[in-house]
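Notes for the one structure printed next.
What follows is calculated from the coordinates using simple rules that are stated; it is not laboratory data. Being a predicted model, the structure only gives us computed values, none of them experimental. Cβ: placed from backbone, ideal geometry, glycine included. Neighbour counts: every protein chain shown.
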Amino acid sequence: MVSVRLVAIKARLAPSFSNGFLLGLQRNPRISIRCFSNMSPPSKAVVYEQQGPPDEVTRVIDLPPVEIRENDVCVKMLAAPINPSDINRIEGVYPVRPPVPAIGGYEGVGEVQSLGSAVRGLSPGDWVIPSPPSFGTWQTYIVKEESAWHKINKDIPVEYAATVTVNPLTALRMLEDFNKLNSGDAIVQNGSTSIVGQCIIQLARIRGIHSINLIRDRVGSEEVKERLKKLGADEVYTESQLDVKNVKSLLGGLPEPALGFNCVGGNSASLVLKFLRQGGTMVTYGGMSKKPVTASTSSFIFKDLALRGFWLQKWMTSERAKDCRPMIDYLLDQVHRGKLKYEMELVPFDDFHGALDKAIGKLGSHPKQVLSF
Ligand SMILES: NC(=O)c1ccc[n+]([C@@H]2O[C@H](COP(=O)([O-])OP(=O)(O)OC[C@H]3O[C@@H](n4cnc5c(N)ncnc54)[C@H](OP(=O)(O)O)[C@@H]3O)[C@@H](O)[C@H]2O)c1
């Protein structure tokens, strides 16, 4: 209880703190204490009071009930992933991050538990996702206005509903928003085992677009290649396989790609560039190796390559959030029809720190960790 009080006190000083309880206190401390008629259940949350190494600064605490106002919806969270950007926010190295103290997480799915008196569009039992995604999904109950939630079909596994917004939507937008691709064209990417990478393979395949995929060297790389090929990858290479004079000799019958995607940086990004055709574009959207992107002088002079970037959080303004909802529904429909799948591991919320250790790479490569509440 001492820690809750500490967080609550600090939150009064941090107006944009996203937890409903603390916002309730800020709105009107007296009302939130008196109004017991429509209150959420108490919540359990992953909180950090300062930025730093996620395994050191996060802890799970209990938060008291919050008031559910007339336009509010109280959602019992079902699942929420640990994404690389969540880690970076806690580390304090992400450009936009909530002020501390903060609750972790940015996307997820929940079930409507109870409603304010003026809510008309949702019913208890509906599945909803925060739309646009927003800070603070690593907690068992969230109270937000009805307009902040997007109702989705319940015909897919909960872990897909929890993860659809950040990674699949990024894959979809990057395939659409840069060079115009036609059926028969090819793309090249690194980080192909990531969820974004797996989605790029499958969403490209749906459009008749071939993919050339780079993965890190690892024990069991043949199995990983087979798995990605089952998803629709045309070619999969480990980085060491590309240590050849002319990578294009490996293209076989595939066309030279006009578009490349980079979420790794360093040598892996240079390999993506080597595959691109004259006038091609490489879009950087992640920096998993924490190494810079370097491009040879000749790639600009003789190939006229373009280097671009994509950031979903900037792309998804609040005005755009409503336009995104049909895209989310499209992606969930692809999941429902078995055309979009990716590896995940559902982990009980009680084992948050075990999941976190896997997500930050302490225990080698692991599938996406998704907290199950
Ligand atoms: N810009 C945006 O708007 C946006 C949106 C979504 C995601 N992202 C970024 O996209 C990337 C992938 O996200 P995700 O959630 O799809 O990933 P994920 O499923 O959590 O998978 C992590 C990926 O990173 C690779 N990786 C981890 N450490 C690495 C290292 N030191 N060097 C090279 N590769 C490493 C892993 O490769 P192994 O299989 O070899 O371990 C795996 O492919 C992240 O950088 C994320 O921040 C950006």
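State the extension gain, in nm to one decimal, for the chain segment bounded by PHE302 and ASP357, taking 0.36 nm per residue of separation less the distance between their alpha-carbons.
Details: separation 55, 0.36 × 55 = 19.80 nm, distance 4.47 nm.
Net length gain for the segment: 15.3 nm.
Suppose R0 equals 30 Å; then what is the FRET efficiency for SER249 and SER365 from their Cβ-Cβ distance, rounded to the nearest 0.05?
Numbers: r = 29 Å, r/R0 = 0.97.
The calculated FRET efficiency here is 0.55.
Obtain the nm distance between the two label points defined at ARG320 and HIS336 by a simple spin-label model: each point lies 7 Å from its Cα along the Cα-to-C-beta direction.
Result for the modelled spin labels: 2.6 nm.
Given the peptides 77-87, 241-251, arrange them by the average over their residues of other C-beta atoms within 10 Å, most packed first.
Details: 77-87: 23.3, 241-251: 12.5.
The packing order, highest mean first, is 77-87, 241-251.
At 0.36 nm per residue, and after removing the present C-alpha to C-alpha distance, how many nm does the segment from ARG59 to ARG205 gain when stretched out fully?
Values: separation 146, 0.36 × 146 = 52.56 nm, distance 4.15 nm.
In short, 48.4 nm is gained.
Would you mind ranking THR137, THR238 so that the residue whose beta carbon has the fewest other beta carbons within 10 Å leads the list?
Values: THR137 29, THR238 16.
Going from least to most buried by this count: THR238, THR137.
When a footprinting reagent is the concern and you count Cβ atoms within 10 Å, what order do ASP217, ASP72 take, fewest first?
Ordered from fewest to most neighbouring Cβ atoms within 10 Å, ASP217, ASP72 come out as ASP217, ASP72.
Would you mind checking the pairs LYS44/LYS290; LYS290/LYS339; LYS76/LYS225; LYS229/LYS358; LYS180/LYS358 and listing those with alpha carbons more than 29 angstrom apart? Spell out each step's value before the answer.
Numbers: LYS44/LYS290 33 Å; LYS290/LYS339 32 Å; LYS76/LYS225 38 Å; LYS229/LYS358 25 Å; LYS180/LYS358 37 Å.
Checking Cα-Cα distances, LYS44/LYS290; LYS290/LYS339; LYS76/LYS225; LYS180/LYS358 exceed 29 Å.
Please list, or write none, the aspartates and glutamates whose alpha carbon is within less than 14 Å of the alpha carbon of LYS303, excluding same-chain residues fewer than 8 places away.
GLU256
From the Cα gyration tensor of region 167-313, with a ≥ b ≥ c the square roots of its eigenvalues, which class applies: rounded if a/c is under 1.5, or else prolate if a/b is larger than b/c, or else oblate? Numbers along the way, then the final one.
Working: a/c = 1.20, a/b = 1.08, b/c = 1.11.
Here region 167-313 falls in the rounded category.
How many angstrom lie between the C-alpha centres of region 326-373 and region 217-239?
20
How large is Rg/Rh for the chain, to two decimals, with Cα atoms and a Kirkwood Rh? Walk me through the numbers before you get to the answer.
Working: Rg = 22.0 Å, Rh = 21.8 Å.
Rounded to two decimals, Rg/Rh equals 1.01.
Once label points are set 7 Å from the Cα along Cα→Cβ at both GLU145 and ASP329, what is their separation, rounded to one decimal in nm?
Between GLU145 and ASP329, the simple spin-label model gives 2.2 nm.
Grab the other residues whose beta carbon is less than 9 angstrom from that of GLU345, score K and R as +1, D and E as -1, and report the net.
On the way: positive: LYS358, LYS368; negative: GLU159, GLU343.
Taking every Cβ under 9 Å from that of GLU345, the sum is 0.
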